[in-house]
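Colleague: I'd like to ask you about the structure that follows.
The values are calculated or read from the model by the stated rules, or taken from the named source; none is laboratory data. Quick caveat: nothing in here was measured; it's all calculated off a predicted structure. Heads up, the Cβs are rebuilt from the backbone with ideal geometry, glycines too, and the neighbour counts pull from every protein chain shown.
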Amino acid sequence: MSRAGVVDIDQHRRDLPGSPFLAAARGERPSRHPVWFMRQAGRSLPEYREVRKGTGMLEACLTPELACEITLQPVRRYGVDAAILFSDIVVPLKAAGVGVDIVAGTGPVVDEPVRSAADVAALPVLDAEGVAPVADAVRLLVRELGETPLIGFAGAPFTLASYLVEGGPSRNHERTKALMHAEPDTWHALCSALADTTLTFLRAQVEAGVDAVQLFDSWAGALSERDYRELVMPHSARVLGGLADAGVPRIHFGVGTGELLGAMGEAGADVVGVDWRLPLDVAARRVPPGTALQGNLDPALLFAGPDVVAGEVRRILAEGAAAPGHVFNLGHGVLPETDPDALARVVDLVHATELPALPAP
């Protein structure tokens with residue numbers, strides 16, 4: 001690391017010239033349609049349930065050998081074109097010393113919600129040593145993955161802030177929105193601190209060897225475009241901008257963000273993830289020119305049977321051709337009861353589908 005807020009390209013970074021995922025993420029023509037799945041590692045896999053027995057979620061994320069094994073499981077099973085680091089949005093908060101745990105059936109729960117300027121000032125600061133186990137997991141994975149790229153993972157400042165302010169998951173984000181509008185200085189101070197935390201977390205992963213990063217803003221779809229641009233986008237832009245010279249593609253994804261896609265692309269993403277609510281050819285017109293897309297099969301449709309899924313996959317691949325690059329994915333994460341064989345069939349179909357012809361010169 002040299003300049004403040006910017007990561008230098010690692011001289012020892014892996015060279016993966018044959019990666020379809022990296023080619024598509026850069027807006028280049030890949031050798032085949034690339035595919036990976038959000039939450040491809042996790043509860044839908046029997047091997048995951050077996051290896052996680054008796055181990056809490058956050059403990060698993062911060063145990064390098066276990067995080068490595070869980071990350072590798074879907075690569076072995078499906079032959080996807082990228083692995084994504086097994087982690088959780090609140091891992092950097094936990095690593096910094098925030099009292100947070102993941103409660104089964106609920107999600108992240110914060111011991112002491114953050115709702116005042118004093119609470120913000122009292123937040124612990126994350127340092128690289130705090131996420132050393134995550135960096136160790138990345139180094140293990142880089143050795144194990146061979147030619148398969150590894151995607152780093154972090155939650156965006158707004159989504160982290162929402163968990164801290166609400167104290168856990170929220171349907172309406174009422175405390176969060178109230179703080180944003182009633183105490184904007186406190187809100188911006190909170191998001192600035194969380195942008196620092198997120199950058200530290202992602203820098204550690206980049207320096208350890210990840211080949212791309214994805215910034216998840218899970219709850220950004222709860223916002224209007226005006227509020228997103230004024231109160232959220234500057235902090236996500238600082239995170240993405242802080243990785244501009246890292247030499248890795250930056251993916252930005254949120255749920256229910258069809259009206260925010262242009263702003264999310266402007267925040268500094270090379271690839272914008274699209275959920276299932278918006279066709280990719282429409283999304284391609286909303287994002288800045290040159291932006292690649294990722295998505296966007298409805299994860300619920302994996303329960304509809306092979307014929308339905310095959311038709312949807314073909315439709316999405318055709319619509320994705322409107323973007324400079326397209327990485328096939330779901331429009332959100334794999335649902336826990338999903339049949340792994342359904343995902344395997346999707347991978348096979350995506351890989352077997354011919355790329356669209358290049359336009360005539």
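Colleague: So how many residues does segment 319-361 have that are among the small types (G, A, S), in a loop (DSSP other than H, G, I, E, B) and without any contact (Cβ under 8 Å) to a residue 24 or more places away in the chain? Lay out the reasoning, then the answer.
Modeller: Initial filter on segment 319-361 (among the small types (G, A, S)): 320-323, 325, 331, 333, 342, 344, 352, 357, 360.
This time we only want the ones that are in a loop (DSSP other than H, G, I, E, B), so: 321-323, 325, 331, 333, 357, 360.
When the remaining residues are screened for being without any contact (Cβ under 8 Å) to a residue 24 or more places away in the chain, the result is 357, 360.
Final tally of qualifying residues: 2.
Colleague: Let me ask something additional. When segment 263-303 is examined, which residues are found to be β-branched (V, I, T) and under 17 Å from L317 (Cβ atoms)?
Modeller: If we filter segment 263-303 for residues that are β-branched (V, I, T), which is where we start, we get 271-272, 274, 282, 287, 291.
Within segment 263-303, V271, V274, V282 meet the criteria.
Colleague: Ok, one more. All but one of (1) within 17 Å of the chain's Cα centre (by Cα); (2) assigned to a helix (DSSP H, G or I) hold for A189; state the number of the condition that does not hold.
Modeller: That leaves (1) as the condition not met.
Colleague: Any residue at all in segment 349-357 that's within 25 Å of T159 (Cβ to Cβ) and either more than 18 Å from the chain's Cα centre (by Cα) or hydroxyl-bearing (S, T, Y) (or both)? I'd like the intermediate steps shown before the answer.
Modeller: Our first condition is that a residue be within 25 Å of T159 (Cβ to Cβ); within segment 349-357, this holds for none.
Checked against the condition, which is being within 25 Å of T159 (Cβ to Cβ) and either more than 18 Å from the chain's Cα centre (by Cα) or hydroxyl-bearing (S, T, Y) (or both), segment 349-357 yields no hits at all.
Colleague: Could you list, in sequence order, the residues of segment 114-138 that are at pLDDT 95 or above, assigned to a loop (DSSP other than H, G, I, E, B) and in contact with a helix residue (DSSP H, G or I) (Cβ under 8 Å, 6 or more places away or on another chain)?
Modeller: V114, R115, S116, L123, P124, V125, L126
Colleague: Let me ask something additional. Pairs under 6 Å by beta carbon, first residue under 17 Å from S44 (Cβ atoms) and touching a residue at least 24 places away in the same chain (Cβ under 8 Å) in segment 294-318, partner of a type in the set (G, A, S) and in a helix (DSSP H, G or I), six or more apart or different chains?
Modeller: Cβ pairs passing all conditions: L302/A342.
Colleague: Moving to a separate point now. Given (1) in a helix (DSSP H, G or I); (2) hydrophobic (A, V, I, L, M, F, W, C); (3) more than 17 Å from A60 (Cα to Cα); (4) in contact with a Ser or Thr (Cβ under 7 Å, 6 or more places away or on another chain), identify the lone condition not met by L141.
Modeller: The failed condition is (3).
Colleague: Something else about it: If you check V114, V142, V125, which single one turns out to be surrounded by fewer than 18 Cβ atoms within 10 Å (Cβ to Cβ) and of a type in the set (V, I, T)?
Modeller: On the way: V114 fails: surrounded by fewer than 18 Cβ atoms within 10 Å (Cβ to Cβ); V142 fails: surrounded by fewer than 18 Cβ atoms within 10 Å (Cβ to Cβ).
So the residue among V114, V142, V125 that is surrounded by fewer than 18 Cβ atoms within 10 Å (Cβ to Cβ) and of a type in the set (V, I, T) is V125.
Colleague: Go through segment 144-183 and give me each residue that's of a type in the set (S, T, N, Q) and assigned to a helix (DSSP H, G or I). Steps first, answer last, please.
Modeller: Pass one, segment 144-183, residues of a type in the set (S, T, N, Q): 148, 159, 162, 170, 172, 176.
Passing the criteria: T159, S162, T176.
Colleague: When residues of segment 272-293 are filtered for being surrounded by 23 or more Cβ atoms within 10 Å (Cβ to Cβ), within 14 Å of G331 (Cα to Cα) and either touching a Pro at 6+ places or on another chain (Cβ under 7 Å) or without any contact (Cβ under 8 Å) to a residue 24 or more places away in the chain (or both), how many remain?
Modeller: The qualifying residues number 1.
Colleague: For segment 158-184, name all the residues that are closer than 17 Å to V103 by Cβ and aromatic (F, W, Y).
Modeller: Result: Y163, single match.
Colleague: Also, quick follow-up: Which count do you get for residues in segment 75-94 that are farther than 22 Å from R250 by Cβ and either outside any loop (DSSP other than H, G, I, E, B) or in contact with a Pro (Cβ under 6 Å, 6 or more places away or on another chain) (or both)? Spell out the reasoning first.
Modeller: To start, the set of residues in segment 75-94 that are farther than 22 Å from R250 by Cβ comprises 76-79, 94.
Among the residues that remain, those that are also either outside any loop (DSSP other than H, G, I, E, B) or in contact with a Pro (Cβ under 6 Å, 6 or more places away or on another chain) (or both) are: 76-78, 94.
The total comes to 4.
Residues are listed down the side, and each one gets a yes or a no for (1) surrounded by fewer than 23 Cβ atoms within 10 Å (Cβ to Cβ); (2) farther than 18 Å from A118 by Cα; (3) of a type outside the set (S, T, Y); (4) without any contact (Cβ under 8 Å) to a residue 40 or more places away in the chain:
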residue	(1), (2), (3), (4)
A154	no, yes, yes, no
P157	no, yes, yes, no
L164	no, no, yes, no
P169	yes, yes, yes, no
E174	yes, yes, yes, yes
A204	no, yes, yes, no
S224	yes, yes, no, yes
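Colleague: Continuing with this model, one more query. Return the only residue of T338, T353 being surrounded by fewer than 21 Cβ atoms within 10 Å (Cβ to Cβ) and polar (S, T, N, Q). Steps first, please.
Modeller: On the way: T338 fails: surrounded by fewer than 21 Cβ atoms within 10 Å (Cβ to Cβ).
None of the other options fit; the residue is T353.
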